[in-house]
Each structure stands twice: as C-alpha cells, then as structure tokens.
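Please read the structure below before turning to the comments.
The values are calculated or read from the model by the stated rules, or taken from the named source; none is laboratory data. For clarity, every value in this text was computed on a predicted model and none was experimentally measured. Counting neighbours? That spans all protein chains shown, and the Cβs are built from the backbone with ideal geometry, glycine included. The accessibility values were calculated without ligands, DNA or RNA, using every heavy atom of the protein model including side chains. Shrake-Rupley method; radii C 1.70, N 1.55, O 1.52, S 1.80 Å.
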Amino acid sequence: MADQTPTASEKVLSKLHLVATDMDGTFLSPTVSEGHANGVVSERSAKCAAALQAAGVVFCIATGRPAPALQDHVDRLGVELPCVCFNGAAILTMRPGAPPTPLYERPLPAEIVRAVCEFADAEDVCLSYSLVDRAVARCSTEAHASDLVNYVRLEGVRQATVTSCAELLLLPPPLKMVVITATPDALAAKARAVLGAGVHVIAAEMHVEFLPQGVHKGSALSWLCEHTSIPLACTLTFGDNHNDIEMLKASGFGVAMANAKPEVKAVADLTLEWSNADDGVARQCELMLAEGRLCSK
C-alpha cells in the first residue's frame, strides 16, 4: 500500500475542518482573575471560537483537566463544543450553563487502580482520584494536605478527601489518577519502571498522571474524527506540554506555542512566534480563516 502520510507541502496547503487546542499554557491567557488562578479565556479567543463555528469548523478543547474545571471556561466561550478531558480518557459535549453530555469514556482498569494506589502509598504522596463529575483525594498527612491545596489551585477542582486508598477503591473506576510531587519528572520515571508498559504515565507541572496505555489526547482526537466524519489529516492542533505530543503528531497540522517545551516543538509542523499570553491560538486561527484553510468540510 502506498504511503498515505501527507508531505510537508501538502500539510501547508491542506484544508482543515477541526481545531483542537490544549488549555493551560496554550489557549488560556495567563491573566489571573478571581477563581481562575491558572488563566482565563480572553475576549479575542472567545471571538475566535465563535468565528470558527460560524465558518463551519469544529472547535474542540483538549486538556488534561477534568470536566468540572472546564465549565467556567465553556461559559465564557459561550458556545457548545466537544471537550477532550482527563488527557483523553473522556470526551464530553459541553455547553454554557448546562451539564455535560458524555460521548466517550476510558476509565482505568481495576488492576491499574490498585497498582497506582500501592505506588502512592510507597512513595508517601498525595493521590487524587478523578471521576467524571468530581475528584477525591487520599490525603493522610499535613504534607499531603499542603500539596493538595496547591494542586486544587492549579487544576481548579475542589477535592473531597479520604485518609486511605482502601476508601478510594470503593468508588467507581476513575478516568485518571494523579500523584502530587515536587519532582514530577523523576517520580514519573520511577513510576514507569515500577508499573510497567500497561500504564501511560505523564509528568506535568507539579504532579504525575496515570492513564491506561494508549489513552491520550491523540487517541481521543482520532475517535472524535471518526465521530464527526472528519479525516485526521484535516485537523489543526495546538499545544505546549508533554501531554500534547501525541495529539500534535496525530493531527494533520500540529502547532507548538512559542512557550512550548522543546520536545513539543520538535514534533510540531509549525512553532508560533506567539505564546498563550499573546493569544497565539486565536492569531493563528484568524490567519488561517482569512487564507481559507480553515473551513467547513
């Protein structure tokens, strides 16, 4: 079979019908406001999302955040849209001022849940257990409680607390699990060695995330493209961090922010001169709308 991978020139000229963007460090402005310590949707970005939908382009959020942390941003956008949450473990249709509608979920298998609980206990770190509508943390020491306060400030979701992993194991299967640590890269490397190939381990800002192997933003984007009958080759994606790499590689045209990590820039088709502080996603989409590259299918 002939190679179907688009050439560089084909990527530059192709028509694109779906835009998927990461949130933190990518789409959200770093402006701090009450209740949004980790960024807000700027006026320019909200107008861009509306302009994309008016042009018949599917606009999608793709984030590691849980669904409850997105509702205020969806309200600000003022549009109904698909949201890839939990780093690809769920896709929801979200709309302003209304409960989300689940489209796709990939919870962690019981054996991985138990293994991550054992790892968190062995490392003596706070463990957060994310369900589609809420989060519960195993928080058994003062140090755990302090770490959890900082994590809640980062992610924007209040956490109920329990004191043992045994209590977590009584809950429904989680969409992701998170341990909070001052050394995420080192702890992620240790987790990969301990847990093996069946677990997708992601180092993030102040935490390490655990998902089933094969669950990431790229696989969720592939599912969404099948759901919307849009070829992966006709998608435009934006990201800045490690959890965006699979999505940028899977899409037709992957864009790294100016503030992206080097590993993200290395896999992108384009690195912007703008960061999230410059409304880089909106600027690039405005250019591509004007060029006619972003359009309805």
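So here's what we get for this one:
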read-out: Some residue of segment 153-173 being open to solvent by 10 Å² or more (accessible area, probe 1.4 Å), closer than 29 Å to Val74 by Cβ and without any contact (Cβ under 8 Å) to a residue 12 or more places away in the chain; value: no
read-out: Identity of the residue in segment 123-141, over 26 Å from Ile91 (Cα atoms) and touching a residue at least 40 places away in the same chain (Cβ under 8 Å), that ends up least open to solvent (accessible area, probe 1.4 Å); value: Cys126
read-out: Number of positions in segment 231-248 that are open to solvent by 10 Å² or more (accessible area, probe 1.4 Å) and not charged (D, E, K, R); value: 8
read-out: Meets criteria (open to solvent by less than 10 Å² (accessible area, probe 1.4 Å), free of Cβ contacts under 8 Å to residues at least 24 places away in the same chain, of a type outside the set (A, V, I, L, M) and at negative phi) for Gly254; value: yes
read-out: The one condition in (1) open to solvent by 40 Å² or more (accessible area, probe 1.4 Å); (2) out of contact with any helix residue (DSSP H, G or I) (no Cβ under 9 Å at 6 or more places or on another chain) that Val74 fails to fulfil; value: (1)
read-out: Selection count, segment 12-42, where residues are more than 19 Å from the chain's Cα centre (by Cα) and at pLDDT below 95; value: 9
read-out: Test: residue in segment 192-206 that is under 18 Å from Cys139 (Cα atoms) and outside any helix (DSSP H, G or I); value: yes
read-out: Flag for Ala204 being of a type in the set (Gly, Ala, Ser), within 17 Å of Ser128 (Cβ to Cβ) and open to solvent by less than 50 Å² (accessible area, probe 1.4 Å); value: yes
read-out: Filter result for the condition that a residue is modelled with pLDDT of 95 or more and assigned to a loop (DSSP other than H, G, I, E, B), over Ala258, Ala220; value: Ala258
read-out: Test set (1) in a helix (DSSP H, G or I); (2) within 17 Å of the chain's Cα centre (by Cα); (3) crowded, with 21+ Cβ neighbours inside 10 Å; (4) not charged (D, E, K, R) - Ala49 fails condition number; value: (2)
read-out: Cross-chain or 6+ apart pairs with Cβ under 6 Å, segment 279-291 first and closer than 16 Å to Pro30 by Cβ, then open to solvent by less than 20 Å² (accessible area, probe 1.4 Å) and assigned to a helix (DSSP H, G or I); value: Asp279/Ser45; Val281/Phe27; Ala282/Ser45; Ala282/Cys48
